[in-house]
Amino acid sequence: MNRLVLKEYVRRHGLPATLFHYGFSAVRKVTSCSILRVFTADEQPVGDGQVPGYVTRELTLEDLESESLDPHNTQDVRSALQRGHRCFANLVDRTIVGHTLYASRTGPSWDGHELVIPAGFDYAYHSYTDPEHRGKRLTLARADTRKHTDRRNRVRRPTLWYVAVDNHASLASHTGGLRERKVGYLAYLRVGGRYLVGASRGCRELGISLSTQTSERRDCC
């Protein structure tokens with residue numbers, strides 16, 4: 001364990017959060033498991049979707065195919081757009097310095113799981129901002145730009161997303177600005193060749209769950 005990294009984690013997030021993070025990481029070395037904190041936000045924009053010095057807008061496949069853009073993580077964005085997902089990004093000149101992907105039909109798959117998205121919601125995922133551009137509310141700008149774009153098209157869809165409970169950096173960076181509401185938790189644990197999966201009451205009431213062919217459901221949280 002890198003002592004400098006550990007010391008910095010304690011400084012940023014406190015000793016209890018650090019112990020939880022490294023303890024959960026140790027469990028993951030033994031089996032596949034996670035606890036996901038689920039949030040939603042309504043379709044009401046907080047601001048105008050722009051930050052001085054940046055252009056925030058929706059990207060298309062045509063944008064990626066042109067030579068006028070130099071995006072971060074191009075292949076992930078291209079694959080998402082080819083699947084019918086949407087991408088909103090912050091640009092400086094011709095460089096994408098942050099992006100968020102949105103899905104409205106099916107969520108991501110990992111460890112054999114698929115996130116079940118309730119009808120009428122957009123799922124926000126792969127939200128990324130280059131380190132040197134963080135702290136400027138670019139994530140919020142991307143979310144607001146999507147909302148303004150949808151409003152112009154007379155579409156109003158709330159958003160949902162999740163953050164792993166031991167990902168304290170992400171939890172600290174996004175909370176507050178999006179006027180989000182914590183819905184509840186999703187969780188899974190691999191036991192032998194099967195998964196135990198669960199959803200808290202708030203998630204079940206909205207129809208948010210994890211789906212897998214080799215799972216046993218449990219209510220949780």
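The values are calculated or read from the model by the stated rules, or taken from the named source; none is laboratory data. What you are looking at is a predicted structure, and each value in this text was computed from that prediction instead of being measured. Note that each Cβ is placed from the backbone with ideal geometry, even for glycine, and that neighbours are counted across all protein chains shown. All accessible areas refer to the heavy atoms of the entire protein, side chains included, with ligands and DNA or RNA removed. Shrake-Rupley method; radii C 1.70, N 1.55, O 1.52, S 1.80 Å.
Numbers at a glance
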{"quantity": "Output for the range 65-84, where each listed residue is in contact with a helix residue (DSSP H, G or I) (Cβ under 9 Å, 6 or more places away or on another chain) and closer than 20 Å to Leu138 by Cα", "calculated": "Leu69, Pro71, Thr74, Val77"}
{"quantity": "Qualifying position, being out of contact with any Lys or Arg (no Cβ under 6 Å at 6 or more places or on another chain), of a type in the set (A, V, I, L, M) and surrounded by 16 or more Cβ atoms within 10 Å (Cβ to Cβ), among Val5, Val38", "calculated": "Val38"}
{"quantity": "Subset of the range 118-149 that is without any contact (Cβ under 8 Å) to a residue 60 or more places away in the chain and on the phi > 0 side of the Ramachandran plot - its residue that is most open to solvent (accessible area, probe 1.4 Å)", "calculated": "His126"}
{"quantity": "Matching residues in the range 69-108 - criterion: being touching a residue at least 24 places away in the same chain (Cβ under 8 Å), more than 17 Å from the chain's Cα centre (by Cα) and either open to solvent by less than 60 Å² (accessible area, probe 1.4 Å) or within 20 Å of Trp161 (Cα to Cα) (or both)", "calculated": "Leu69, Pro71, Leu91, Val92, Thr95, Ile96"}
{"quantity": "Residues of the range 1-38 satisfying the condition of being touching a strand residue (DSSP E or B) at 6+ places or on another chain (Cβ under 6 Å), under 23 Å from Glu180 (Cβ atoms) and either in a helix (DSSP H, G or I) or of a type in the set (Gly, Ala, Ser) (or both)", "calculated": "Ser34"}
{"quantity": "One residue from Asp48, Asp63 being surrounded by 18 or more Cβ atoms within 10 Å (Cβ to Cβ), outside any strand (DSSP E or B), over 18 Å from the mean Cα position of the chain (by Cα) and not small (Gly, Ala, Ser)", "calculated": "Asp63"}
{"quantity": "The lone exception for Asp111 - which of (1) at pLDDT below 90; (2) surrounded by 13 or more Cβ atoms within 10 Å (Cβ to Cβ) it fails", "calculated": "(2)"}
{"quantity": "Selection count where residues are surrounded by 13 or more Cβ atoms within 10 Å (Cβ to Cβ), modelled with pLDDT of 85 or more and not in a loop (DSSP other than H, G, I, E, B), scope the range 150-172", "calculated": "8"}
